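This report refers to the structure that appears directly beneath it.
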Amino acid sequence: MPWGSTISAGRLYVVATPIGNLEDITLRALRILGEVDIVAAEDTRSAGHLFARHAVTVKELTSFFEGNEAQRADQLVERMRGGAQVAVISEAGMPGVSDPGQRLVARAVEAGIPVTVIPGASAAITAVVGSGLPTDAFAFVGFPPRDAGPRRELFGRLRALPFTLIFYESPARTAATLADLRDAFGGDRRAVVCRELTKMFEESVRGTLDELTIRYAEADPRGEVTLVVAPAGPETVAVTDVEAEVRRRLQAGEGAKEIAAAVAVLTGKPRRQIYQLALALSGKKGDG
């Protein structure tokens, strides 16, 4: 079957749920959740709280989380092939956006099953709209890599992009991520740390990456965190000639390890690759 064509069968509803305040759900979403044959939920316990809060009675509730997503997606597609109406919800926000759901949508599309999205709350959109930073063009990056090396390489590739960037991050890694963003983007770049969006202790802390790095080095933020970072200005020039940059730094007296660390965050290239290039250009076997 050609990709994107549809057959007469069931339907998949991708339903946004609140990211904190349980009042942030649409009337349409509540109606759909009560009408479908199956609700596939990332967290059945939090789903139960939502249903109880709004007096929604569901016909069938099944778990759908990262650990069982592949198997459960196939099962749900088979149910929809037989005419079942299925709604998928994540623990909070829009399924498929840093949450399970994308695989199920892809399988449904491949099977010719219609997909309807019920829009609603999103931490990324909430954060960027309230940030005060440009919203004419922005990119959602999701969670940066946990490990420092890949995270710095990612930030190096993003540093010269001319639009606002949105990241999700855990409270425990926020300080390290801010420090890496500062090193890659420069300390003067504006940013906002948003936490506990729509909840009782919602807070948006604005400042430069220098200021925010210092603030959160002292204490981790509490609750779920969304970071919004300003676009690169015209003064931010992408470093595209890695060899020329390495040669320039060698001539300035920098060592291979120092060069590798600095150029990795400026270019997004692997640190080890830059280190080996610096050694080759300097004619040295190692840099202690």
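Throughout, read-outs are computed from the coordinates displayed, never taken from laboratory work. All of these numbers come straight from a predicted model, not from anything done at the bench. We place every Cβ from the backbone using ideal geometry, glycine too, and count neighbours over all the protein chains shown.
As a footprinting exposure proxy, order K269, K59 by other Cβ within 10 Å, with the fewest listed first.
Fewest-to-most Cβ neighbours within 10 Å comes out as K59, K269.
Rounded to the nearest 20 Debye, what is the dipole magnitude of the chain about its Cα centre when Lys and Arg each give +1 and Asp and Glu each give -1 at the C-beta?
520 debye
Would you calculate the separation in nanometres between label points at R206 and Q251, each defined as 7 Å from the Cα along the Cα-to-beta-carbon direction?
Each label point lies 7 Å from its Cα, and together they span 4.3 nm.
³J(HN,Hα) across the stretch 176-192 via Karplus (A = 6.51, B = -1.76, C = 1.60, θ = phi - 60°), whole Hz, x for Gly/Pro?
5, 5, 4, 5, 5, 4, 4, 5, 7, 9, x, x, 8, 5, 6, 7, 9
Test of understanding: in a Gaussian network model of the chain with alpha carbons linked when under 10 Å, which of V229, V97, V129 would top the mean-square fluctuation ranking?
V129
Give the long-range amide H neighbours of A87: residues separated by 5 or more places, or on another chain, with amide H under 5 Å away, using H modelled in the peptide plane at 1.01 Å from N.
Result for A87 returns Y13, I38, V39, A40.
In the chain, how does Rg compare with the Kirkwood Rh, expressed as the Rg/Rh ratio over alpha carbon atoms?
Result: Rg/Rh = 1.08.
Could you compute the FRET efficiency for E218 and S282, with r as their C-beta to C-beta distance and R0 at 51 Å, rounded to 0.05?
Working from the Cβ atoms, E equals 0.85.
Could you state the principal axis extents of the C-alpha atoms in the stretch 242-282, from the largest down, to the nearest angstrom?
22, 16, 15
If R0 is 30 Å, what FRET efficiency do you get for D74 and R146 from their C-beta distance, rounded to 0.05?
Rounded to the nearest 0.05, the efficiency is 0.55.
Would you please give the FRET efficiency between R272 and D241, computed as 1/(1 + (r/R0)^6) with r the Cβ-Cβ distance and R0 = 25 Å, to the nearest 0.05?
After rounding to 0.05, the efficiency reads 0.85.
Compare the Cα positions of G130, F155, V192 along the charge dipole of the chain (+1 at Cβ of Lys, Arg; -1 at Cβ of Asp, Glu; about the Cα centre) and return the one farthest towards the positive end.
Farthest towards the positive end: F155.
Tell me the mean residue ellipticity at 222 nm calculated for the chain from its helices only (DSSP H runs of n ≥ 4, each -39500 (n - 2.57), averaged over every residue, nearest 500).
Helix-only estimate at 222 nm: -12000 deg cm²/dmol.
What Kirkwood hydrodynamic radius, in Å, does the stretch 123-204 give when the mean of 1/r is taken over all pairs of distinct Cα atoms and then inverted?
After inverting the pairwise mean of 1/r, the radius is 13.3 Å.
Within a 10 angstrom radius of the beta carbon, how do I214, I32 rank from fewest other beta carbons to most?
With the fewest neighbours first, I214, I32 line up as I214, I32.
Can you work out ³J(HN,Hα) from phi for every residue in the stretch 121-126, in order, using Karplus 6.51 cos²θ - 1.76 cosθ + 1.60 and θ = phi - 60°, giving whole Hz and x for Gly and Pro?
Those phi angles translate into 5, 8, 5, 4, 5, 4 Hz.
In nm, give the distance between the simple-model label positions of T116 and A139, each being 7 Å from the Cα along the Cα-to-Cβ direction.
3.5 nm
Kirkwood Rh, the stretch 11-121, all Cα pairs: how many Å?
One decimal place: 13.5 Å for the Kirkwood radius.
So between L27 and S170, what do we pick up on full extension, going 0.36 nm a residue minus the alpha carbon distance?
The L27-S170 span can extend by a further 48.4 nm.
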